[in-house]
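Asker: This is the structure, below, for whatever I ask next.
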Amino acid sequence: MARLNKEDFTIPVEATLDILGGKWKTLILCHLSYGPKRTSELIRLMPKITQKVLTHQLKELIQDDMIIRKSYNEVPPKVTYELSKLGYSIKPILNSMCDWGQMYIDQYLD
């Protein structure tokens, strides 16, 4: 069940910004767009994120139906995260953000 309601937004872009809210959710979604990842892989890919913040962001993305948490019946326990169908639908937006970011880095930064 999603944590949001239609009444939470006055214009549609608010919904997009809420889902992508902040730097970590966007980065998590970008990394998961390349395939399922374990928690340890996400921490390695984003060394500045803390375990607590990652866990919180993953929970919100699950509640928003953007990602799926898969548990495997193994010893030791294995858990992976991957994009849901809804999560995959945001890939064009993420790709556009990456393209714009690369242009900005190339043209405006030393």
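The values are calculated or read from the model by the stated rules, or taken from the named source; none is laboratory data. Keep in mind that this is a model prediction, so the values were computed, not measured. Note that each Cβ is placed from the backbone with ideal geometry, even for glycine, and that neighbours are counted across all protein chains shown. For the accessible areas, the whole protein counts, side chains as well, though only heavy atoms, and no ligand, DNA or RNA atoms are used. Shrake-Rupley method; radii C 1.70, N 1.55, O 1.52, S 1.80 Å.
Asker: Taking GLU7 as the residue in question, decide whether it is open to solvent by 80 Å² or more (accessible area, probe 1.4 Å), free of Cβ contacts under 8 Å to residues at least 12 places away in the same chain and in a loop (DSSP other than H, G, I, E, B).
Answerer: no
Asker: Might you check whether a residue that is among the acidic types (Asp, Glu) and not in a helix (DSSP H, G or I) occurs anywhere in the range 18-40?
Answerer: Taking the range 18-40 and keeping what is among the acidic types (Asp, Glu), we get 18.
Filter once more, so that each one left must be not in a helix (DSSP H, G or I): none.
No, the range 18-40 has no match at all.
Asker: For the range 43-102, what are the residues that are in a strand (DSSP E or B) and either in contact (Cβ under 8 Å) with a residue 60 or more places away in the chain or among the small types (Gly, Ala, Ser) (or both)?
Answerer: If the condition is that a residue be in a strand (DSSP E or B) and either in contact (Cβ under 8 Å) with a residue 60 or more places away in the chain or among the small types (Gly, Ala, Ser) (or both), then SER71 is the only one that fits.
Asker: Another one. Applying the selection to the range 64-73, what residues are touching a Leu at 6+ places or on another chain (Cβ under 8 Å) and open to solvent by 90 Å² or more (accessible area, probe 1.4 Å)?
Answerer: Filtering the range 64-73 for residues touching a Leu at 6+ places or on another chain (Cβ under 8 Å) gives 64-69.
Listed by number, the list holds a single entry, ARG69.
Asker: Okay, next question. Residue check, ASP8 against (1) of a type outside the set (Lys, Arg); (2) farther than 17 Å from ARG69 by Cα; (3) under 9 Å from the mean Cα position of the chain (by Cα), all met but one. Which one?
Answerer: (3)
Asker: Here's something else I'd like to know. Going through PRO76, PRO47, PRO36, PRO12 one at a time, which residue ends up being modelled with pLDDT of 95 or more and surrounded by fewer than 11 Cβ atoms within 10 Å (Cβ to Cβ)?
Answerer: Details: PRO76 fails: modelled with pLDDT of 95 or more; PRO36 fails: surrounded by fewer than 11 Cβ atoms within 10 Å (Cβ to Cβ); PRO12 fails: modelled with pLDDT of 95 or more.
Testing whether each residue is modelled with pLDDT of 95 or more and surrounded by fewer than 11 Cβ atoms within 10 Å (Cβ to Cβ) leaves just PRO47.
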